[in-house]
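For reference, the structure discussed in these notes is given below.
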Amino acid sequence: MGEDAIAAQLSGLRWLSIWASGLTLNVLTEREDVSDLWPVVEEVCAALAPLQLSHARVSYQHMLELPFTLDEAIARGQGRLFHGLSTSEIVLGDWALLSDIYAAGPPASQGMIEFGIVNREEAPRRLQRMVGRGPGMLHIGEREWEPEAFKDVSLYADSDLTCPATEGQGGSFLEEAEQFWTTSRGQMTRLVEGLRTKLVGEP
């Protein structure tokens, strides 16, 4: 318990934090079924009975293996994602892209994503958000990632989306927030997998 928040670790690498202006659920595990977690959110909201629900926000981190050396992965990005940006005088090198994103939903949302190439040593620092300009929320709990757990080269992505509540929507926004959580998770996974396909697949 801190001065401004109450935090508790749930089963596994999952944390719940409650403070005066909101509730945060943090899952620091590989891809898994997290459908059992939403009832926890509903139960806490029912107990706290907030005066209003203003928005729902999600942050995702992806790390996908690439079958290249770092130099090959960088070159693939230049050739397939940023073709034509270099000049006869300046050649672009290692890269990461920060971009606004707009998700159709339902419900519709918007936010930002940063994605790029990382080597084995950089991967843990990216997941801990110690480097980069990733827009995602800070982790509540802690997890130690060892470089040995990652492949030599990976595509990483750090994304953040927000879905606002409609004025006067009240408690019904919880249903929309659950749909937002479920839908956006799949949408962001497909986006990052599509980026990997552009780098790995045949031109």
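Among the residues of region 89-110, not a single one is open to solvent by 80 Å² or more (accessible area, probe 1.4 Å), under 14 Å from LEU195 (Cα atoms) and outside any helix (DSSP H, G or I). Out of the residues in region 76-88 that are within 24 Å of the chain's Cα centre (by Cα) and open to solvent by 60 Å² or more (accessible area, probe 1.4 Å), which is farthest from GLY194 (Cα to Cα)? Only one residue tops the list, namely ARG76.
The numbered conditions (1) of a type in the set (Ser, Thr, Tyr); (2) free of Cβ contacts under 8 Å to residues at least 12 places away in the same chain; (3) touching a Gly at 6+ places or on another chain (Cβ under 6 Å) are all true for SER59 except (2). For the residues LEU97, LEU23, LEU10, the requirement of being more than 28 Å from ALA165 (Cα to Cα) and not polar (S, T, N, Q) singles out LEU97.
When each of GLU146, GLU121, GLU167, GLU142 is tested for being open to solvent by 30 Å² or more (accessible area, probe 1.4 Å), more than 19 Å from ASP71 (Cα to Cα), modelled with pLDDT of 85 or more and more than 11 Å from the chain's Cα centre (by Cα), the lone residue that passes is GLU146. In region 20-59, the residue that is most open to solvent (accessible area, probe 1.4 Å) out of those that are assigned to a strand (DSSP E or B) and more than 23 Å from THR189 (Cα to Cα) is LEU23. Does ALA73 fit the bill of being within 23 Å of THR197 (Cβ to Cβ) and open to solvent by less than 40 Å² (accessible area, probe 1.4 Å)? When the stated conditions are applied, ALA73 passes them. Taking residues in region 109-134 that are in contact (Cβ under 8 Å) with a residue 60 or more places away in the chain and within 20 Å of SER184 (Cβ to Cβ), and partners anywhere that are open to solvent by 40 Å² or more (accessible area, probe 1.4 Å) and among the β-branched types (Val, Ile, Thr), the pairs with Cβ atoms closer than 7 Å and at least 6 places apart or on different chains are SER109/THR162.
The values are calculated or read from the model by the stated rules, or taken from the named source; none is laboratory data. On a predicted model such as this, the values are computed, not experimentally measured, just so you know. Quick reminder, even Gly has a Cβ in these numbers, built from the backbone with ideal geometry, and neighbours come from all protein chains shown. Heads up: the accessible areas ignore ligands, DNA and RNA and are worked out on the full protein's heavy atoms, side chains in. Shrake-Rupley method; radii C 1.70, N 1.55, O 1.52, S 1.80 Å.
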